[in-house]
Amino acid sequence: MFRIAICDDEKIFRADLKEILTRYMTDRGIMLEIDTFSSGKEFAELGIEMVKYKIVFLDINMDELDGIMTAKKIRENSKDMFIVFVTAFVNYTIEGYKVDAVRYILKDNKNLVASVYECMDAIHEKMDYKVTWAEFDFCEGTRKVSLNRILYIESKLHKLEFHVMEDCLQKYTLQGTLNEIDDKFAGNDFLRIHHLNSFLKFPCEGES
């Protein structure tokens, strides 16, 4: 599960950025959770709890506690979080280096979507995060599914029920047994629960 924070005092921009990020992650079969914050102060008040986020998008120009100061507070708790500054200005580069910001994204950029996508591609490359896909001939039709989005698979009377988190929780059925699909899940962070007769997805390193 990817947890992303958006910290910006512009409500419309928060919503737009959340939509872009959701589309990016969904297209790549990655489960995510996005929380939004209307000020640097609100985010900083999380204290040590802020470390649950893998990525934070920070507006630089905010009242009370601006993005640079918020980033410094983040670095007091985490050296691993990816900080992305979003701003209408480009004169904060040196300060950004001090807090190891991975990108600056201009708000008024006509290529905002492309900039966010490039930023996320770069972060995934740094993390060496891979998404594994597999194709299944479900009773509902042949479908390519990201293994990262399968929550669990349950065996019921020679049928398998796949519980998959897409735009919402979906259930697909497949004729067969768990033994027949064992190889597809080898090395992909699934745990065979024999007494429950099911596969359970468990978090790998970097997930929670």
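Here are some notes:
- In the stretch 62-94, the qualifying residues are those that are touching a residue at least 40 places away in the same chain (Cβ under 8 Å) and out of contact with any Phe, Trp or Tyr (no Cβ under 7 Å at 6 or more places or on another chain), and the one that is surrounded by the fewest Cβ atoms within 10 Å (Cβ to Cβ) is Asp63.
Rundown of residues vs (1) part of a loop (DSSP other than H, G, I, E, B); (2) in contact with a Ser or Thr (Cβ under 9 Å, 6 or more places away or on another chain); (3) modelled with pLDDT under 75; (4) of a type in the set (Gly, Ala, Ser), yes/no style:
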residue	(1), (2), (3), (4)
Ala122	no, no, no, yes
Lys130	yes, no, yes, no
Glu154	no, yes, no, no
Phe162	no, yes, no, no
Tyr172	no, no, no, no
Thr177	yes, yes, no, no
Glu180	no, no, no, no
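- Some residue of the stretch 100-110 being closer than 18 Å to Asp183 by Cβ, touching a residue at least 24 places away in the same chain (Cβ under 8 Å), open to solvent by less than 50 Å² (accessible area, probe 1.4 Å) and not charged (D, E, K, R): no
- Looking only at the stretch 17-41, and only at residues there that are in contact with a Ser or Thr (Cβ under 9 Å, 6 or more places away or on another chain) and open to solvent by 60 Å² or more (accessible area, probe 1.4 Å), the one that is farthest from Tyr117 (Cα to Cα): Lys41
- Of the residues making up the stretch 1-16, those that are of a type in the set (Val, Ile, Thr) and either within 12 Å of Val84 (Cα to Cα) or buried (at least 16 other Cβ atoms within 10 Å of the Cβ) (or both) are Ile4, Ile6.
- Hits in the stretch 42-58 (condition: surrounded by fewer than 17 Cβ atoms within 10 Å (Cβ to Cβ) and either in contact (Cβ under 8 Å) with a residue 12 or more places away in the chain or basic (Lys, Arg) (or both)): Glu42, Gly47, Ile48, Val51, Lys52
- Within the stretch 132-152, the set of residues being part of a loop (DSSP other than H, G, I, E, B) and at pLDDT 85 or above comprises Cys139, Glu140.
- All positions within the stretch 124-150 that are under 18 Å from Asn179 (Cα atoms) and within 16 Å of the chain's Cα centre (by Cα): Leu147, Ile150
The values are calculated or read from the model by the stated rules, or taken from the named source; none is laboratory data. From a predicted model like this one, the values you see are computed outputs, not experimental measurements. Virtual Cβ from ideal backbone geometry, glycine too; neighbours counted across all protein chains shown. Only protein heavy atoms, including side chains, enter the accessible area calculation; ligands, DNA and RNA are left aside. Shrake-Rupley method; radii C 1.70, N 1.55, O 1.52, S 1.80 Å.
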